[in-house]
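Every number in this text was worked out from the coordinates using simple rules, so none of it is lab data. Note that the structure is predicted; figures quoted are calculated from it, not measured. In this analysis, Cβ positions are derived from the backbone assuming ideal geometry, glycine residues included, and neighbour counts consider all displayed protein chains.
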Amino acid sequence: MVVMDAVALTQKLVRIPGLSGEEGAVADAIEQTMRELGYREVTRDAMGTVLGQIGPEDAETCLLFDGHMDVVPVVGEWSVDPFGGEIRDGRLWGRGSTDMKGGLAAAICGVAAAAQRGELKHQAAVSATVLEEVIEGAALGAVMDRLDPRAVVICEPTSLDLKTAQKGRLEMLLTIHGKPSHAAYPERGVNAIDFAARALRALDAMTPVRSDELGAGILVPTDIISDPHPSISMLPNSVTIRFDRRTLVGENSEDILGAMRHALTTDNVTNFDLEITDSEVSTYTDETFEPLRWLPAWRLDRDHELVLGAMDAIRETGQEPHLGVFGFCTNGSESAGRRKVPTIGIGPGSEGDAHIIDESVDVGEVAAAAEIYSNLVTGMAGV
């Protein structure tokens, strides 16, 4: 029952396009499904996130399963309908199948199945969050303002491996100011592009911090633009470079910014501003906000009861658990990084299949994920 429900629900959700900021129809389908599956309370917050709760109303929330509804745009030439939800060769094809409607569907069905098997002594909940592909953690933070779960499960694709840690992410803008002049007389101005090149060399020469578990805290320039753009026949007034810094557990944004400023000034790059980005985003419910793009790293000890409980839940399906760490940033930066709530990640699909042309998910993994989630709820919320 759970197996078919999870795969069928994944197919239903894949067939509903839901770009970031356009998740309304997906939310409608999830809300209806949760009610049909017997969730005690189903609500939708101001941002448009759907929250389903199951179990005794006056009991604590033992587990919160989180999955995002939004998907990235369809690009390139697909060999299948990206919103067809075709099942072929043991895989379900379509945008969002791996990232992450398979995990979300498995959570919705798996939690409901646990409640159907017997009376829960604690609450379990599933949040279908918005805008994760735009800004990780913001929507989950609004859920956790209302709910105080004892633990969180991030249902992102992990090939059913159990993830106990994750790098964070800091997004910054470095603006280097120059002095405009005619391109025929560059000596009369200050070329911000020359100093931008120097800045890139200086920052690339920084020794990255490392951890045995998560690897290097890498700094990557992802965009560069002049002001004016394009700057034709003149030196630009300024150049702005966008950076993505993957962070490690224990790092904070102030220290990272301070180290970068020191590297720049040491190399005689002086006329600049370096700040965390805070661009405005909007939800499908017309809520607007300006979240700082600072998402902390996190880790959970592998002897924690949540990890041990998840390993038992995996073994109950006849599989042997494999532990690892996330290679990308997730909503766990909010639950574990900011709020220090014990968090793990496990879900169907491969990280490498996210965001690609002809995205797909193994239907067997979707079914297994639903069973694992159901076992975990029974083990932790049923006692």
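Hey, how much of the P(r) for segment 228-354 falls beyond 25 Å, as a percent of Cα pairs? Display every interim value, and only then the final one.
Values: 4032 of 8001 pairs.
Distances greater than 25 Å cover 50 percent of the Cα pairs.
So what J values fall out for segment 136-148 if you push phi through Karplus, 6.51 cos²θ - 1.76 cosθ + 1.60 with θ = phi - 60°, rounded to Hz, Gly and Pro as x?
Result, ordered by residue: 5, x, 4, 6, 5, x, 5, 5, 6, 5, 8, 10, 10 Hz.
For q values of 0.08, 0.15 Å⁻¹, compute log₁₀ I(q)/I(0) with the Debye formula on a Cα-only model of the chain, without solvent.
-0.45, -1.25
Compute the Rg to Rh ratio over segment 164-261 from the alpha carbon atoms, using the Kirkwood formula for Rh, and round to two decimal places. Could the numbers behind the result be given before it?
Working: Rg = 16.5 Å, Rh = 14.9 Å.
Result for segment 164-261 is an Rg/Rh of 1.10.
So what are the radius of gyration and Dmax for the Cα set of segment 291-371, in Å?
14.4, 43
Order these peptides, 156-164, 246-254, by their mean beta-carbon neighbour count within 10 angstrom, highest first. Don't jump to the answer; show the numbers that get you there.
Numbers: 156-164: 23.1, 246-254: 17.6.
Descending mean neighbour count gives 156-164, 246-254.
Any chance you could count the Lys pairs in the chain whose alpha carbons are under 25 Å apart, treating pairs 8 or more apart or on different chains as valid? Kindly include the intermediate steps, with their values, before the conclusion.
Numbers: Lys12/Lys101; Lys101/Lys163; Lys101/Lys167; Lys121/Lys340; Lys163/Lys340; Lys167/Lys340.
Taking the chain as the scope, the lysine pair count is 6.
Using each residue's phi in segment 24-32, evaluate 6.51 cos²θ - 1.76 cosθ + 1.60 at θ = phi - 60° and report the 3J(HN,Hα) Karplus result to the nearest Hz, with x for Gly and Pro.
x, 5, 5, 4, 4, 5, 5, 4, 4
Quick one: putting +1 on the C-beta of Lys and Arg, -1 on the C-beta of Asp and Glu, what dipole do you get for the chain around its Cα centre, in Debye to the nearest 20?
Numbers: 32 positive and 60 negative charges, 124 e Å.
Around 600 debye, computed over the chain.
State the Cα centre-to-centre distance between segment 100-129 and segment 224-290 in whole Å.
For segment 100-129 versus segment 224-290, the Cα centre distance is 40 Å.
Could you please state, rounded to a whole Å, how far the C-alpha centre of segment 21-90 is from the C-alpha centre of segment 324-376?
Answer, in whole Å: 14.
Below 8 Å between Cα atoms, with a sequence gap of 6+, how large is the relative contact order for segment 169-282 in percent? Display every interim value, and only then the final one.
Working: 193 pairs, mean separation 46.8, N = 114.
It comes to 41 percent, rounded to a whole number.
Using helices alone, what [θ] at 222 nm do you get for the chain, with -39,500 (n - 2.57) per DSSP H run of 4 or more residues, divided over all residues and rounded to the nearest 500?
Working: 8 runs with 108 residues, N = 383.
Calculated at 222 nm, the ellipticity per residue is -9000 deg cm²/dmol.
With charges only on Cβ, +1 for K and R and -1 for D and E, what is the dipole size of segment 169-282 about its Cα centre, in debye, rounded to 20? Walk me through the intermediate numbers first.
Values: 10 positive and 17 negative charges, 85 e Å.
For this selection, approximately 400 debye.
Counting every Cα pair in segment 274-324, what percent are over 13 Å apart?
Everything past 13 Å amounts to 73 percent.
Between beta-carbons, use under 13 Å as the cut-off and find the net charge around Gln123, counting Lys and Arg +1, Asp and Glu -1.
-2
Explain nothing, just the number: dipole magnitude of segment 1-128 about its Cα centre with +1 on each Lys and Arg Cβ and -1 on each Asp and Glu Cβ, in debye rounded to the nearest 20.
On the way: 11 positive and 19 negative charges, 71 e Å.
The dipole of segment 1-128 has a size of about 340 debye.
Once you have the Kirkwood Rh of segment 1-130 from its Cα pairs, apply Stokes-Einstein at 4 °C and 1.567 mPa s and quote D in µm²/s.
Details: Rh = 15.0 Å.
Diffusion coefficient, whole number: 86 µm²/s.
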